[in-house]
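Single-structure report; data block below.
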Amino acid sequence: MLDTSAYSHWRRSGTWNDLIRQASWVMVPTMVLGELQAGFRLGKAGLENQSKLSRFLGEEAVKVVSPSEATAEIYGDFFAYLHRQGTPLPTNDIWIGALSYEHKAMLLTHDRHFTRLPQVPLAPAGG
């Protein structure tokens, strides 16, 4: 599962190229798409970035995933866990973590704060 930082770093530097290429499925949460779209609108290469994203999403192994009722339950558990620990995360990142956990997917991210959710398996840094 890709989070926003992983997708951006992958596009810029090729980080995780082999892992992404060899994966049976590459999941992209809808909230990641929203964050990317916002970035495209604020950036200088919006049309080019949009085109690259569209081609990527059209790949057979790429699947867009959205929250379900089960995801909402996991989100609630994660939110409460983080609150009790005194280590909150941005809302979208809790949703991304919940989706990753629900789908038993390794999360690719450059955001260190995901380590606050030990329930979510993270890809090795740097790919």
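Restricting attention to the range 12-53, the residues that are closer than 24 Å to HIS103 by Cβ and acidic (Asp, Glu) add up to 2.
Taken over the range 91-113, the residue count meeting the criterion of being surrounded by fewer than 21 Cβ atoms within 10 Å (Cβ to Cβ) and more than 18 Å from PRO67 (Cβ to Cβ) is 5.
Checked against (1) over 19 Å from GLY34 (Cβ atoms); (2) touching a Pro at 6+ places or on another chain (Cβ under 8 Å), LEU99 meets all criteria but (1). What residue, among those in the range 44-62 that are touching a strand residue (DSSP E or B) at 6+ places or on another chain (Cβ under 7 Å) and surrounded by 14 or more Cβ atoms within 10 Å (Cβ to Cβ), is nearest to ARG11 (Cα to Cα)? Taking the candidates together, the pick is PHE56. A count restricted to the range 1-43 and to residues that are of a type in the set (Ser, Thr, Tyr) and surrounded by fewer than 11 Cβ atoms within 10 Å (Cβ to Cβ) stands at 1. I need the full set of residues from the range 114-127 which are surrounded by 14 or more Cβ atoms within 10 Å (Cβ to Cβ) and assigned to a helix (DSSP H, G or I), in order please. PHE114, ARG116, listed by residue number.
We did not get these values from a lab; they are worked out from the coordinates using the rules stated. Predicted, not measured: the structure shown is a model, and the values here were computed from it. Note: ideal-geometry Cβ built from the backbone for every residue, glycine included; neighbour counts use all protein chains shown.
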